Amino acid sequence: MNRPSYIVMFRWVVWREIVLAWRRKSDVLSTLAFFVIVVSLFPLGMDPDSRVLRTIAPGVVWVSALLASMLALGRLFASDYADGTLEQMLIAPQPLGLIVAGKLLAQWLVTGLPLVLISPLLGLQFGLSTEGTRLMAVSLFAGVPALTLIGAIGAALTLGIRGGGVLLALIVLPLCIPVLVFGAGGNMALVGAVLALTVVFAPWAAASALRVAVE
Amino acid sequence: MSKWYKYASPVNLYPLASRMIPWFAIPAAIFFITGLYVGFVVAPTDFQQGDVYRVLFIHVPAAWMGMFLYLLMSIYAAIGWAYNARAASMMASSLSITGAMFTFLSLITGSLWGKPTWGTWWVWDARMTSTLILLFLYAGFISLQSAIDDPRRADRAGAVLAVVGVINLPIIYFSVQWWNTLHQGATIRIVSHTTMAAPMLAALLIMLAACWLYSVAVVLSRLCCIFVEREQVEVIG
Amino acid sequence: MNPAFYVWGSYGLALLAMCGEVLALVRRRRAVRHAKSTERVMRP
């Protein structure tokens, strides 16, 4: 298979996902709203002492971003599976991993990136310093893609199963713990390392999982 | 060597597995009794921790079995997936339950050891937290397999998850270690076993062997059940 | 609290867990045998 058709396919997949997401803006916005609501629940559940809030801010924002990503992942393959597009992708000449990578890039652009962009506002809510907010936003920028990549494996495995959303979270959340720990802990190098590993392995693993689910 | 390949088929493996069970179950019981005797009667009272340290004789083997069985489960699942060998996949499913049991047991006994030793029921240290995450990984595998109706899809999906899990495991352990040192500075060190008295070490090893023998017996027994349930084998009479 | 409580508790729970697993397995074997003895199909 020649290179241009790989790039053409990749770009087509990304573009298609974005167009589809644009038609269903509510999906994207509801993920964002969920993220904001969950973050706001934490101060409501405790004494909103500013010193405590500042300490828990990165952890709270990270866990909420993790949960929001889990919710969005349920939609990753579901509609394509329902209308038969997924089977077409499976028999396409281009490697399935490439197509999955395209879907994941689009997913990140559409749901992951907005989470990162809104996070400074949430940092403000928690009284985080400018430096702290910057650190948190950068860690999310590098870490949320990794969460989406790892989550895609779970989304593929739980395709078409009843009670899939909770099951997806159950199998993916433990695997996301390293990203959470490094991200909330503020170590960019380690987040980057995990991201690099997941970029290389996750599309392939998710593709294998898709074949298992569909065949 | 090629005569071993016939055991990849459930029909041939079933009678062998059935016959093997008592050869592991009875020694397991003997080793448990011996281990408890050495651990409680022969081993002396530790001058730092009193008699509570004897909990370790079940806590440490349970923790090791939890980890070892997860590794074994992933290997069998991978083999079952790669070679399309149903018996191997069923072995993985059988291992998962015993492994989860030991991991859960290790958490509880760890907690019961921790309370008199450190004063709290739970400590967010690297070892306990990693064991907790291992339990979550088991839970994910077992839930995934039980949620999928088609047995072949369940086998393969479990294999993907197990392989991803086992590759992730060192990264998880490392991240938990890192997290622990980040937030605690001076880490709580568990009693260094290298300075253990000989009877203590002996008791530990005997109990470990007992747990291993028990696992083989139980896992093979469950495997036979799975064979019959999945109609891989007909039991006449 | 009395250290014996923790030791007894641990081994008691261990015994419970392992016996529970064995018991569940015995019940599973019985259920399987009962279910299969009612069908008498010869299969290769």
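Read the figures in this text as sums done on the coordinates, not as results from a lab. The structure displayed is predicted, hence computed values, not measured ones. Cβ sites come from the backbone with ideal geometry, for glycine too, and all protein chains shown count toward neighbours.
Aspartates and glutamates within cross-link reach of residue B:115: Cα-Cα under 15 Å, excluding same-chain residues under 8 positions apart?
Residue B:115 reaches B:51, B:125.
Evaluate the relative contact order of segment A:85-190 (contact order divided by residue number), counting alpha-carbon pairs under 8 angstrom at least 6 apart; express in whole percent. Can you show the working numbers first?
Working: 61 pairs, mean separation 27.4, N = 106.
Once normalised by length, the contact order is 26 percent.
Work from the charge dipole of segment A:3-214 (Cβ charges, +1 for Lys and Arg, -1 for Asp and Glu, about the Cα centre) and give the residue of A:132, A:115, A:45 farthest towards its positive end.
The residue sitting farthest along the positive end of the dipole is A:115.
Could you run the Karplus curve 6.51 cos²θ - 1.76 cosθ + 1.60 with θ = phi - 60° over segment A:138-155 and give me ³J(HN,Hα) per residue in whole Hz, x for Gly and Pro?
Listing the rounded values in order: 5, 5, 5, 4, 7, x, 4, x, 4, 4, 5, 5, 5, x, 4, 4, x, 4 Hz.
For peptide B:213-219, how many partner chain Cβ atoms fall within 10 Å of a residue's Cβ, on average?
Mean partner shielding for this stretch: 2.
Can you check what the Kirkwood hydrodynamic radius comes to for segment B:1-154, Cα pairs only, in Å to one decimal?
18.0 Å
Would you work out the charge dipole size for the protein assembly as shown about its Cα centre, treating the Cβ of every Lys and Arg as +1 and the Cβ of every Asp and Glu as -1, and quote it to the nearest 20 debye?
Roughly 940 debye for the protein assembly as shown.
Can you sort B:121, B:81 so the residue with the fewest Cβ neighbours within 10 Å comes first?
Final ranking by Cβ density, sparse to dense: B:121, B:81.
Among B:147, B:159, B:169, whose Cα sits farthest toward the positive end of the charge dipole of segment B:46-197 (+1 at Cβ of Lys/Arg, -1 at Cβ of Asp/Glu, about the Cα centre)?
B:159
Based only on other Cβ atoms within 10 Å, what is the fewest-to-most ordering of A:148, B:34, B:131, B:120?
B:120, B:34, B:131, A:148
Compute the relative contact order of chain A as a whole-number percentage, counting only Cα pairs closer than 8 Å that sit 6 or more residues apart in sequence.
RCO, chain A: 27 percent.
Expressed as a whole number of Å, what is the distance separating the alpha-carbon centroids of segment C:1-36 and segment A:60-79?
A separation of 38 Å, based on Cα centres.
Quick one: what are the phi-derived ³J(HN,Hα) couplings along segment A:118-131, Karplus 6.51/-1.76/1.60 with θ = phi - 60°, whole Hz, x for glycine and proline?
Coupling constants for segment A:118-131: 8, 4, x, 5, 5, x, 4, 4, 9, x, 6, 5, 4, 5 Hz.
Note the direction-averaged projected area, equal to a quarter of the hull surface, for the Cα convex hull of segment B:55-231, in nm². Display every interim value, and only then the final one.
Numbers: hull surface 44.0 nm².
Result: a mean projected hull area of 11.0 nm².
Roughly how big is chain B's charge dipole about its Cα centre, with Cβ charges of +1 (Lys, Arg) and -1 (Asp, Glu), in debye to the nearest 20?
Magnitude of the dipole: close to 320 debye.
What number, rounded to the nearest 500 deg cm²/dmol, is the helix-based mean residue ellipticity at 222 nm of chain B, given -39500 (n - 2.57) per DSSP H run of at least four residues and division by all its residues?
Values: 6 runs with 176 residues, N = 237.
Calculated from helices alone, the mean residue ellipticity at 222 nm is -27000 deg cm²/dmol.
Please list, short to long, the whole-number percent of alpha-carbon pairs of the protein assembly as shown in consecutive 20 angstrom bins beginning at zero.
Spelled out bin by bin, the protein assembly as shown gives 21, 47, 29, 3 percent.
Excluding residue B:42 itself, what net charge comes from residues whose Cβ is under 14 Å from its Cβ, given Lys and Arg +1 and Asp and Glu -1? Don't jump to the answer; show the numbers that get you there.
On the way: positive: B:54; negative: B:46, B:51.
Cβ neighbours under 14 Å give a net charge of -1.
Taking springs between alpha-carbon atoms closer than 10 angstrom, which of B:78, B:210, B:198 fluctuates most in the Gaussian network model of chain B?
Fluctuation is largest for B:198.
Work through the residues other than residue C:25 whose Cβ is under 14 Å from its Cβ and net out their charges, Lys, Arg +1 and Asp, Glu -1. Before the final figure, lay out the partial values.
On the way: positive: B:222, C:27, C:28, C:29, C:30, C:33; negative: B:229, C:21.
For residues surrounding residue C:25, the net value is +4.
Taking only the alpha carbons of segment A:22-81, what extent do you get along each of the three principal axes, in Å, biggest first?
The Cα atoms of segment A:22-81 stretch 47, 16, 16 Å along their principal axes.
Quote the relative contact order of segment B:1-146 in percent (integer), defining contacts as alpha-carbon pairs under 8 Å separated by 6+ residues.
RCO, segment B:1-146: 23 percent.
Each label point is 7 Å from the Cα along the Cα-to-Cβ direction; what then is the distance between the points at residue B:152 and residue B:16, in nm?
Spacing of the two 7 Å Cα→Cβ label points: 2.4 nm.
Among B:88, A:170, A:66, which residue has its Cα furthest toward the positive end of the charge dipole of the protein assembly as shown, with +1 on Lys/Arg Cβ and -1 on Asp/Glu Cβ?
B:88
Take chain B, connect every pair of alpha-carbon atoms lying under 10 Å apart with a spring to form a Gaussian network, then pick out the residue of B:203, B:157, B:217 with the largest mean-square fluctuation.
The residue with the greatest mean-square fluctuation here is B:157.
Treating each Cα of chain A as an identical point scatterer and ignoring solvent, apply the Debye formula and state log10 I(q)/I(0) at q = 0.15 Å⁻¹.
Here log10 of I(q) over I(0) equals -0.93.
Just to check I understand the Karplus step: with θ = phi - 60° and J = 6.51 cos²θ - 1.76 cosθ + 1.60, what whole-Hz values come out for segment A:6-18, glycine and proline as x?
For segment A:6-18, the Karplus-derived couplings read 4, 5, 4, 4, 4, 5, 5, 4, 4, 4, 4, 4, 5 Hz, x marking Gly and Pro.
Charges at C-beta only: +1 for Lys and Arg, -1 for Asp and Glu. How large is the resulting dipole of chain A about its Cα centre, in Debye rounded to 20?
Magnitude of the dipole: close to 300 debye.
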